[in-house]
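Notes follow once the structure below has been shown.
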Amino acid sequence: MMNYARFLTAVSAARKPSPIRILTELQQRSPPSLISLAAGAPNPDTFPFQSAIIKLKNGPPLSFDEVAMKRALQYSASNGIPELLTWMKNLQKNLHDPPTAAYGPEKGQMDMCVTTGSQEGLCKVFEMLVSPGDVVLLDSPTYPGTLATLQPLGCKMVNVPSDQHGMIPAALKEVLSRWEPSDSGRPKVLYTIPNGGNPTGASMTVQRKKDVYQLASMYDMLIIEDDPYYFLQFDKPWAPTFLSMDVDGRVIRTDSFSKILSSGLRIGFVTGPKPLVERLVLHIQASTMHTSTFAQLLVSQLLHSWGQDGFLQHIDGVIDFYRNQRDAMISSAHKWLAGLAKWQTPSAGMFLWMELIGVRDSRQLIMEKALEKEVLLVPGGVFMIDSSEPCPYVRAAYSLSTPEQIEEAFKRLASLITEAL
Ligand code: PLP
């Protein structure tokens with residue numbers, strides 16, 4: 001059985017439930033005849049907003065009558081509004097069938113909470129688990145938001161080599177061989193982006209996930225599965241997730257609606273063992289209190305009106321869009337960048353990761369010369385644990401530009417590289 005206390009930072013272990021929250025729950029279980037002068041919530045009758053109708057591109061509009069509006073404008077539970085959580089738990093069970101769904105609470109039963117984007121979840125997960133001096137394993141290049149969260153925590157970030165299929169289990173084994181499985185200084189946490197990795201576009205195979213999971217078991221590490229591009233996998237069936245293999249209760253998964261419903265609404269989810277999700281919710285209680293009730297109700301209404309099938313149908317449309325965009329970018333790359341750059345075609349997500357041939361450091365090229373040519377890409381160095389080292393890679397996003405713009409951008413990039421050589 002997992003000893004979750006072992007993984008917590010002193011700060012996280014010291015968190016206590018808010019006494020007001022406990023009173024609120026007491027109140028919710030009492031008969032309506034109870035007169036409570038306990039709640040500190042403002043009176044929504046004083047708020048200026050009355051009602052709202054939100055039109056959808058397809059389907060009947062979502063409506064917030066006065067009652068719904070009052071609720072949307074009010075404080076709500078720190079772990080998320082119940083109907084959104086219930087809908088999402090059902091989705092997780094249907095998509096991933098996590099073994100932990102059937103476990104008892106202490107054994108790491110699957111639990112979930114809503115977060116303000118998956119970034120909030122990731123940040124709070126790391127702050128819950130990572131103390132100064134701890135070793136964190138991750139594949140570099142990786143998402144800069146993760147590096148930004150980890151860097152000030154004073155941990156040691158250790159790179160596990162990866163390729164177009166993500167983290168390499170043999171390389172992980174090699175890295176882990178620096179420690180005994182019982183060594184107190186061994187890594188506690190392994191972080192990876194399993195699908196359509198940012199920035200590499202790489203996706204892990206099932207076999208790799210199984211092998212990585214086994215090593216995590218052997219060394220008793222937690223796996224943080226940051227999967228915002230899960231729903232942008234171009235080929236079906238979608239790959240089984242770490243969550244789906246989690247017999248031990250050692251996987252914390254972050255999901256995001258940013259790439260499929262809205263990035264600005266800030267709706268994400270953490271799924272993981274109950275004892276850890278509870279700690280995280282205590283942190284939310286003490287910081288944001290909860291994700292915007294309005295944003296949650298809006299998304300929840302949409303999901304309930306769509307049902308799971310409607311949701312997955314919407315996703316299919318999003319996938320078709322990004323697959324076309326990817327195809328356009330790859331064909332422009334073949335046309336303009338053959339011999340000048342190397343790349344692997346991504347099977348998920350929205351990024352193409354390219355090595356510029358003969359360029360020692362893309363930063364200089366992009367920062368100094370690219371604007372002159374009116375083309376912008378992200379220099380690869382920003383995705384590295386050590387961003388000071390020269391890096392020949394760049395990241396190109398195919399999410400926002402039209403195929404014509406992508407074509408023109410690669411034409412400009414080609415002339416930029418040619419001139420630099
Ligand atoms: N994780 C990865 C790998 C990402 O690429 C992003 C966004 O780009 C995030 C997490 C954060 O997404 P959000 O907070 O919008 O859910």
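The values are calculated or read from the model by the stated rules, or taken from the named source; none is laboratory data. Computed from a predicted structure; not experimentally measured. Cβ sites come from the backbone with ideal geometry, for glycine too, and all protein chains shown count toward neighbours.
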Flagged pairs (Cβ under 6 angstrom, 6 or more apart or on separate chains; first in the stretch 222-238, within 11 Å of the ligand (Cβ to nearest atom) and of a type in the set (Phe, Trp, Tyr); second at pLDDT 95 or above and part of a strand (DSSP E or B)) are Tyr229/Ala348
Where a residue in the stretch 184-199 is among the small types (Gly, Ala, Ser) and its partner, wherever it lies, is more than 15 Å from the ligand (Cβ to nearest atom) and assigned to a loop (DSSP other than H, G, I, E, B), with Cβ under 8 Å and at least six apart: Gly185/Trp179; Gly196/Ser347
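Name the residues in the stretch 239-273 that are aliphatic (A, V, I, L, M), more than 14 Å from the ligand (Cβ to nearest atom) and not in a strand (DSSP E or B), would you?
Here is the first cut: in the stretch 239-273, the residues aliphatic (A, V, I, L, M) are 239, 243, 245, 247, 251-252, 260-261, 265, 267, 270.
Next, from what is left, pick out any that are more than 14 Å from the ligand (Cβ to nearest atom): 239, 243, 245, 247, 251.
Residues satisfying the conditions are Ala239, Leu243, Met245, Val247.
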Can Ser332 be described as under 30 Å from Phe410 (Cα atoms) and in contact (Cβ under 8 Å) with a residue 24 or more places away in the chain? yes
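Quick check, is Gly59 within 25 Å of the chain's Cα centre (by Cα) and of a type in the set (Gly, Ala, Ser)?
On the way: within 25 Å of the chain's Cα centre (by Cα): no; of a type in the set (Gly, Ala, Ser): yes.
Judged against the criteria, Gly59 is not a match.
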Among the residues of the stretch 239-257, are any closer than 27 Å to Val382 by Cβ, surrounded by fewer than 23 Cβ atoms within 10 Å (Cβ to Cβ) and more than 19 Å from the chain's Cα centre (by Cα)? no
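Any residue at all in the stretch 302-317 that is small (Gly, Ala, Ser), within 15 Å of the ligand (Cβ to nearest atom) and surrounded by fewer than 17 Cβ atoms within 10 Å (Cβ to Cβ)?
As a first pass, look at the stretch 302-317 and keep what is small (Gly, Ala, Ser): 305, 307, 310, 317.
Narrowing the set further to residues that are within 15 Å of the ligand (Cβ to nearest atom) leaves none.
Checked the stretch 302-317: no residue is small (Gly, Ala, Ser), within 15 Å of the ligand (Cβ to nearest atom) and surrounded by fewer than 17 Cβ atoms within 10 Å (Cβ to Cβ).
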Tyr103 - would you say it is aromatic (Phe, Trp, Tyr), away from the ligand (no atom under 16 Å from the Cβ) and more than 28 Å from Ile20 (Cβ to Cβ)? yes
A careful count of residues in the stretch 369-417 that are outside any loop (DSSP other than H, G, I, E, B) and more than 16 Å from Ser332 (Cβ to Cβ) gives 9
Examine the stretch 316-335 for a residue that is at pLDDT 95 or above, hydroxyl-bearing (Ser, Thr, Tyr) and more than 30 Å from Cys113 (Cβ to Cβ), and state whether such a residue exists. yes
Report those strands (runs of 3 or more DSSP E) wholly inside the stretch 121-233 carrying at least 2 residues which are buried (at least 24 other Cβ atoms within 10 Å of the Cβ). 135-138, 189-192, 222-226
I'm trying to understand the selection: among the residues of the stretch 59-80, which are in a loop (DSSP other than H, G, I, E, B) and surrounded by 10 or more Cβ atoms within 10 Å (Cβ to Cβ)? Gly59, Pro61, Asp65, Leu73, Gln74, Tyr75, Ser76, Ala77, Ser78, Asn79, Gly80
Verdict on Ala333 being outside any loop (DSSP other than H, G, I, E, B) and buried (at least 21 other Cβ atoms within 10 Å of the Cβ): yes
Where a residue in the stretch 258-271 is under 20 Å from Ile319 (Cα atoms) and its partner, wherever it lies, is part of a loop (DSSP other than H, G, I, E, B), with Cβ under 6 Å and at least six apart: Lys259/Pro228; Ile267/Phe257
Filter the stretch 141-157 for residues that are of a type in the set (A, V, I, L, M, F, W, C) and either within 12 Å of the ligand (Cβ to nearest atom) or out of contact with any helix residue (DSSP H, G or I) (no Cβ under 8 Å at 6 or more places or on another chain) (or both); which is nearest to Gly349 (Cα to Cα)? Leu147
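Could you say which residue among Gln109, Gln50, Gln119, Gln74 is within 16 Å of the ligand (Cβ to nearest atom) and either closer than 20 Å to Ser300 by Cβ or not aromatic (Phe, Trp, Tyr) (or both)?
From the options Gln109, Gln50, Gln119, Gln74, the qualifying one is Gln119.
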Among the candidates Leu176, Leu172, Leu138, residue that is within 16 Å of the ligand (Cβ to nearest atom), modelled with pLDDT of 95 or more and not aromatic (Phe, Trp, Tyr): Leu138
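Considering only residues of the stretch 278-289 that are among the hydrophobic types (A, V, I, L, M, F, W, C) and farther than 14 Å from Ser118 by Cβ, which is nearest to the chain's Cα centre (by Cα)? Walk me through how you get there before you give the answer.
To start, the set of residues in the stretch 278-289 that are among the hydrophobic types (A, V, I, L, M, F, W, C) comprises 280-282, 284, 286, 289.
Going one step further and asking which of them are farther than 14 Å from Ser118 by Cβ, we end up with 281-282, 286, 289.
Working: Val281: 17, Leu282: 20, Ala286: 22, Met289: 20 Å.
Filtering the stretch 278-289 for residues that are among the hydrophobic types (A, V, I, L, M, F, W, C) and farther than 14 Å from Ser118 by Cβ, the one nearest to the chain's Cα centre (by Cα) comes out as Val281.
Can you spot a residue in the stretch 90-110 that is farther than 23 Å from Gly249 by Cβ and more than 21 Å from the chain's Cα centre (by Cα)? First the steps, then the outcome.
Start the filter on the stretch 90-110 by keeping residues that are farther than 23 Å from Gly249 by Cβ, which leaves none.
The answer is no, given that none of the residues of the stretch 90-110 is farther than 23 Å from Gly249 by Cβ and more than 21 Å from the chain's Cα centre (by Cα).
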Show the residue pairs meeting these rules: Cβ distance below 8 Å; 6+ apart or different chains; first residue within the stretch 117-130 and aromatic (Phe, Trp, Tyr); second residue near the ligand (Cβ under 9 Å from one of its atoms) and modelled with pLDDT of 95 or more. Phe126/Thr146
Tell me, yes or no, whether the stretch 82-90 has at least one residue that is in contact (Cβ under 8 Å) with a residue 60 or more places away in the chain, surrounded by 21 or more Cβ atoms within 10 Å (Cβ to Cβ) and within 16 Å of the ligand (Cβ to nearest atom). yes
What number of residues within the stretch 1-18 are more than 18 Å from Met110 (Cα to Cα), assigned to a helix (DSSP H, G or I) and of a type in the set (A, V, I, L, M, F, W, C)? 3
